[in-house]
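The structure appears below as structure tokens.
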Amino acid sequence: MKPKYSINTSLIFKVSLCIVLVCFFAEEIKAQKLNDTISLHEVKIFGKRKIEEAGLHVSHIDTLELKMMKTLTISELLSSFSPIFIKSYGRGSTATASFRGTAPSHTQLYWNGIKLNSPMRGDVDFSLFPVYFIDDISLLYGGSSIKSGSGALGGSVLIGNKPDWTDKLSFRYVQTIESFSTKKEYLNVGFGNGRFQFKTRLFSDESKNDFPYFNYGVLPMHQTVQKNAGYSKQGVLQEIYTRRNTHFFSAKLWASKSHRNLPQLMSFEGDVRKETMDDQNLRGVFSWKHHTQNSKLEWVGGLNLNDINYFRASTEASFVNFDSRNREQSYSNQIDFDWNPGEFLHLNWNVNSSYHQVSVLDRAQKLGYKHDRFELSLLNSISIMASSEVSLSLLSRSDLYDNHLIGFIPSFGLEFTPAKWGSSTVKLNLARNYHQPGLNDLYWLPGGNPNLKPEKGYSGDLTIRYSDKNENSSISGQLSGFASFIENWIVWQPSANGAYYWEASNMKKVFARGLEIQLSFQKNIAKSASFNLKANYSHSATSNLNAVPSVDESRGKQLIYIPKDKANIFAEGNFKAWHVKINAPFTGKRYTSSNNVESDFEKVLNPYWLINLTAGKSFHFKSVWMDLALNIENLANTDYMAILWRPMPGRYYSLTVQFQYKK
């Protein structure tokens with residue numbers, strides 16, 4: 001299919017280079033002396049406790065981590081800096097999220113207030129979202145996610161954009177050259193003043209993805225190179241912000257496209273085939289805010305349009321197996337009102353309406369469906385600071401979809417900060433939530449089930465946070481325990497009548513429980529050196545409770561492809577203009593069969609550590625900043641699989657050059 005628009009990456013590079021040189025020499029022609037190193041003192045920002053977050057389990061990925069991962073995707077960011085497990089089908093391929101042991105459809109993604117989950121599938125492909133296009137990201141865990149919307153039985157991921165009102169003129173360009181004929185380019189141009197800001201971001205990511213690997217899936221086993229795995233992704237984000245007195249208006253438009261070749265499994269020995277996936281997306285958010293001394297009124301309107309085309313054919317037999325053309329159109333409006341009568345009380349009301357249209361047609365199979373859905377959600381929230389040590393919150397949602405009314409979706413939070421504990425805090429959250437079936441679950445042909453019930457969840461978590469700091473160092477950590485019961489868990493399984501297809505049904509009652517540990521340490525060593533250390537660990541046990549032991553061996557067993565253990569460690573050292581970073585994510589054992597059997601026929605995916613090393617140096621020339629960094633991925637050359645019979649690359653390299661000019 002002919003693309004609706006194209007992005008010329010060579011033009012990006014030429015224009016970028018010209019602007020960098022002009023900006024550089026314009027500043028330097030006046031210079032009498034250059035300093036190759038500028039020491040910057042650390043700036044710490046502290047804020048008082050937010051009463052509206054009382055009892056909510058919320059975490060934020062900070063700006064430094066976003067800058068470090070800016071040439072990667074949100075899936076890679078979450079895998080490296082959060083307890084979320086990312087199920088990736090390979091380099092450049094689909095990546096979904098499992099939050100606290102739940103299904104990918106139980107993780108919701110919001111961009112500046114609008115939900116981006118597919119109304120057709122219910123999940124999100126996080127590999128399509130570049131970190132370069134976002135300015136902040138936060139996570140809402142378990143029942144705390146009701147704050148942003150219903151349906152996130154595991155949790156929610158919130159990404160957003162914001163203006164820099166001090167930006168008069170700025171230009172940023174990043175280029176990465178990577179193994180396997182990979183080239184990435186990123187461009188950001190902005191200008192404005194204290195009342196108006198205009199920003200344009202572009203990106204391009206292309207790769208042949210032809211890495212070598214050892215094929216264990218066929219006999220004789222042998223060394224080979226991955227074929228038909230190339231991909232290309234491009235996108236543009238336009239942002240406009242303006243403010244006057246107590247009014248603030250913003251408009252954001254995000255267009256992107258991707259073309260991905262899907263390689264055959266390692267174990268596949270049939271005819272050579274062509275398999276591709278094409279995505280084209282257009283998203284928009286328009287908002288207006290009005291502030292007073294103790295209140296805020298906001299309107300947000302959004303659209304999310306997606307074309308998803310899947311094609312598979314046997315090239316030798318000239319036979320088309322699938323030619324699926326899918327279109328999703330989502331439109332939303334919401335009004336949000338915050339009121340703070342005093343520092344001890346916060347009230348919030350939110351009304352959200354969404355309309356979805358889905359069209360599915362497989363031109364080869366001559367199957368498909370068209371359906372729409374209207375959703376209406378009402379949120380009432382109250383947060384109270386009962387004393388200097390105790391705060392509590394109560395949230396209640398009511399949802400209406402497809403003539404189904406879910407009248408009461410509550411969340412209760414309690415926060416205790418004893419004065420004698422210093423800055424330590426204990427948080428408790430209890431909630432009831434639900435998740436509606438995706439339109440594919442209901443209407444897919446063949447196998448969809450219009451009689452599916454919504455999934456219902458009951459969750460609770462307890463979190464203990466500790467932090468301490470002095471002039472040169474700070475340390476913080478938190479320990480969380482969580483549990484959730486989910487009824488009517490939707491699964492796809494072979495048809496009960498013996499037909500060749502699979503069908504959706506409410507089969508499982510699932511119990512998910514576990515713990516999460518997060519640690520952070522920062523240390524300034526003299527004026528020119530610093531050290532940062534961050535670590536995350538999560539243990540999630542997710543098992544099916546209502547299977548009959550004598551018939552179904554999956555009772556009490558871990559759900560497939562969900563690891564019990566997941567961790568990541570990040571360490572960073574800075575000395576003058578030099579920096580070294582180590583990122584080490586760990587993924588535990590994953591079962592590929594529901595009975596958790598390990599044999600020659602029932603394979604398991606072994607646990608693995610990945611060690612990624614980055615070393616670089618920054619250069620400052622008045623208004624121009626440059627950085628050169630060498631990155632080594634999979635330093636130990638670990639042989640692993642994230643998905644059964646999907647190969648992953650060994651050690652590979654990348655070189656990143658960054659230019660930044662800001663007036």
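Values in this text are rule-based calculations from the coordinates and carry no lab data. Keep in mind it's a predicted model, so treat the numbers as computed, not measured. Note: ideal-geometry Cβ built from the backbone for every residue, glycine included; neighbour counts use all protein chains shown.
Values as computed for the structure displayed
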item: Contour minus Cα-Cα distance for Asn472 and Arg555 (0.36 nm per residue); result: 24.7 nm
item: Proxy reagent accessibility, fewest Cβ within 10 Å first, across Arg243, Arg260, Arg283; result: Arg243, Arg283, Arg260
item: Dipole magnitude of segment 9-662, debye to nearest 20 (Cβ charges: Lys/Arg +1, Asp/Glu -1, about Cα centre); result: 1160 debye
item: Neighbour net charge for Ser480 - beta-carbon separation under 10 angstrom, K R +1, D E -1; result: +1
item: Nearby lysines by direct alpha-carbon distance to Lys456 (threshold 25 angstrom, same-chain neighbours under 8 apart not counted); result: Lys87, Lys115, Lys147, Lys427, Lys508, Lys509, Lys557, Lys564
item: Under-5 Å amide H pairs with Asp136, H placed in peptide plane, nonlocal only; result: Gly160
item: Two-site FRET efficiency, Ile517 against Val597, from Cβ-Cβ distance with R₀ of 41 Å, rounded to 0.05; result: 0.85
item: Chain lengthening between Ser138 and Val426 when straightened (0.36 nm per residue, less Cα-Cα); result: 101.7 nm
item: Alpha carbon centroid spacing (whole Å) that separates segment 132-211 from segment 107-123; result: 16 Å
item: Exposure proxy order (Cβ contacts within 10 Å, fewest to most) of His346, His247; result: His247, His346
item: Paramagnetic reach from His291 in segment 141-179 [backbone N under 17 Å; point 7 Å along Cα→Cβ]; result: 161-167
item: Estimated 222 nm signal from helices in the chain, with DSSP H stretches of n ≥ 4 weighted -39500 (n - 2.57), rounded to 500; result: -1500 deg cm²/dmol
item: FRET efficiency, 1/(1 + (r/R0)^6) with R0 35 Å, evaluated for Lys208 and Asn309 via beta carbons; result: 0.95
item: Reach of Lys168 by Cα under 16 Å, taken over lysines that are not fewer than 8 positions away in the same chain; result: Lys199, Lys622, Lys662, Lys663
item: Sum of side-chain charges, Ser127 neighbourhood, beta-carbon under 11 Å (Lys, Arg +1; Asp, Glu -1); result: 0
item: Gyration tensor verdict on segment 193-299 (Cα atoms; rounded if a/c is under 1.5, prolate if a/b is larger than b/c, oblate otherwise); result: prolate
item: Value of relative contact order over segment 404-450, rounded to a whole percent, pairs C-alpha under 8 Å and six or more apart; result: 28 percent
item: Mean-position separation - Cα centroids, segment 234-258 and segment 467-540, in angstrom; result: 32 Å
item: Distance in nm between pseudo-label sites at Lys662 and Thr242 (7 Å out along the Cβ direction from Cα); result: 2.5 nm
item: Estimated FRET transfer efficiency (Phe619, Ser181; beta-carbon r; R0 41 Å; 0.05); result: 0.90
item: Mean separation of Cα contacts under 8 Å, 6 or more apart, over the residue count of segment 9-662: relative contact order %; result: 12 percent
item: Gap separating the Cα centres of segment 55-98 and segment 291-363, nearest whole Å; result: 20 Å
item: By average C-beta atoms within 10 angstrom, highest first, the peptides 311-324, 222-235; result: 222-235, 311-324
item: Formal net charge of residues neighbouring Trp492 (Cβ-Cβ distance under 15 Å; K, R +1; D, E -1); result: -2
item: Peptides 418-431, 131-144, 198-211 ordered by average Cβ neighbours within 10 Å, highest first; result: 131-144, 198-211, 418-431
